[in-house]
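Written out below as structure tokens is the structure these notes cover.
The values are calculated or read from the model by the stated rules, or taken from the named source; none is laboratory data. Keep in mind that this is a model prediction, so the values were computed, not measured. Reconstructed Cβ throughout: ideal geometry from the backbone, glycine too, with neighbour counts over all protein chains shown. Accessible surface is based on the protein model in full, side chains and every heavy atom, while ligands, DNA and RNA are left aside. Shrake-Rupley method; radii C 1.70, N 1.55, O 1.52, S 1.80 Å.
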Amino acid sequence: MAGWATWAGWASAAPERADPQTLWPEAKTVVSLALNYGPASDPRAVLDHADRAAISVYAQGRDYHEVMKGKLKALGRFIWDTYRHELKVFVDTAPLMEKPMAEAAGHGWLGKHTNLVSRRFGSWLFLGELLLSVELPADDPETDHCGHCHACLDVCPTKAFPTPYKLDARRCISYLTIEHEGAIDKELRPLLGNRIYGCDDCLAVCPWNKFAQDARETALAPRPALDAPALAELATLDDATFRRRFAGTAIKRIGRDRFLRNVAYALGNSGTPDSLPAVVRLLGDRSPLVRGAAVWALSRLAPEQFRQRQRTVAESDAAVRAEWDTAP
């Protein structure tokens with residue numbers, strides 16, 4: 001699925017820093033390409049199983065950056081071999097406003113959740129771009145078809161949308177579990193539920209998904225080990241096993257410590273005593289980030305045990321010590 005837009009067609013909506021010609025002065029046309037990664041079932045089903053990990057659909061298969069980049073490079077070789085047009089390939093690696101470009105190229109429109117929505121594929125599209133040195137006629141842009149619907153805004157666990165079409169990333173679970181490097185604010189931790197990498201809620205609830213299609217790209221198919229894995233099992237991963245398990249996936253990029261921080265929060269939210277041994281194990285983790293999350297999880301699952309340990313624990317890291325000093 002591809003479309004194109006000339007730079008002049010959407011420059012007025014983009015900040016100067018995102019002008020493709022600042023990346024490559026020869027750019028005349030942006031070719032926007034979209035790849036369907038629609039799931040075969042509702043990704044929210046795992047949220048009803050608190051002892052299992054909810055991993056965003058896009059991260060359950062091979063890293064989409066590599067999949068998209070391979071396809072774009074193949075297209076780029078065809079364009080060069082056939083027409084000798086100079087070009088550059090981008091997949092979420094440069095300050096290009098890919099969603100507005102996709103809207104201008106006719107792939108879909110920016111929904112109230114700030115993500116692209118397609119009448120043909122619903123919410124499930126990866127995006128990539130080719131910058132061409134030749135000017136092509138622009139496709140017609142898509143128009144907004146959200147209407148009066150606000151399902152995506154209502155479903156957000158952390159209320160990350162202060163108004164329609166505006167996202168507060170500081171409250172977005174995808175940002176918090178992937179991009180945020182330190183401990184997550186205590187007020188937001190219970191709202192994570194069992195989501196340990198990303199969040200699909202606002203995407204999955206969109207009514208336009210009734211037209212969505214299952215992904216046909218086999219590289220994007222969910223790996224069995226990433227389809228609702230047990231939280232307690234994930235809590236046992238050391239550096240080496242983490243790298244092996246998530247090799248070739250987007251998850252590997254956040255690193256083991258941040259990943260286990262998220263697992264510890266999810267264990268604390270599980271509400272089941274069966275999660276307690278895994279939490280106790282993480283209390284002795286070599287990473288302060290993981291230990292601090294485990295302290296919070298212990299206070300949630302076993303307040304009395306938390307108080308007993310609180311009186312005798314020896315902790316040198318100030319941030320972890322602060323977690324212990326906070327009463328459940």
Restricting attention to segment 152-175, which residues are surrounded by 13 or more Cβ atoms within 10 Å (Cβ to Cβ), part of a helix (DSSP H, G or I) and in contact with a helix residue (DSSP H, G or I) (Cβ under 7 Å, 6 or more places away or on another chain)?
152, 155, 173, 175
Within the set of pairs 6+ apart or on separate chains, which have a first residue in segment 306-328 that is open to solvent by 70 Å² or more (accessible area, probe 1.4 Å), a second that is at pLDDT below 95 and of a type in the set (Phe, Trp, Tyr), and C-beta atoms under 6 Å apart?
none
Residue 117 vs. criteria among the aliphatic types (A, V, I, L, M), surrounded by fewer than 19 Cβ atoms within 10 Å (Cβ to Cβ) and in contact (Cβ under 8 Å) with a residue 24 or more places away in the chain
no
Of the criteria (1) modelled with pLDDT of 95 or more; (2) not in a loop (DSSP other than H, G, I, E, B), which one residue 225 fails
(1)
Please verify whether segment 182-205 includes one or more residues that are loosely packed, with under 14 Cβ neighbours inside 10 Å, over 18 Å from residue 154 (Cβ atoms), touching a residue at least 40 places away in the same chain (Cβ under 8 Å) and touching a Leu at 6+ places or on another chain (Cβ under 9 Å).
yes
Lone qualifier among 45, 50 - being in contact with a Ser or Thr (Cβ under 7 Å, 6 or more places away or on another chain) and under 30 Å from residue 230 (Cα atoms):
50
Limited to segment 71-110, what total is found for residues that are in contact with a helix residue (DSSP H, G or I) (Cβ under 6 Å, 6 or more places away or on another chain), among the hydrophobic types (A, V, I, L, M, F, W, C) and open to solvent by 50 Å² or more (accessible area, probe 1.4 Å)?
1
Do you know which residues across segment 275-288 are open to solvent by 20 Å² or more (accessible area, probe 1.4 Å), closer than 15 Å to residue 238 by Cβ and part of a helix (DSSP H, G or I)?
281
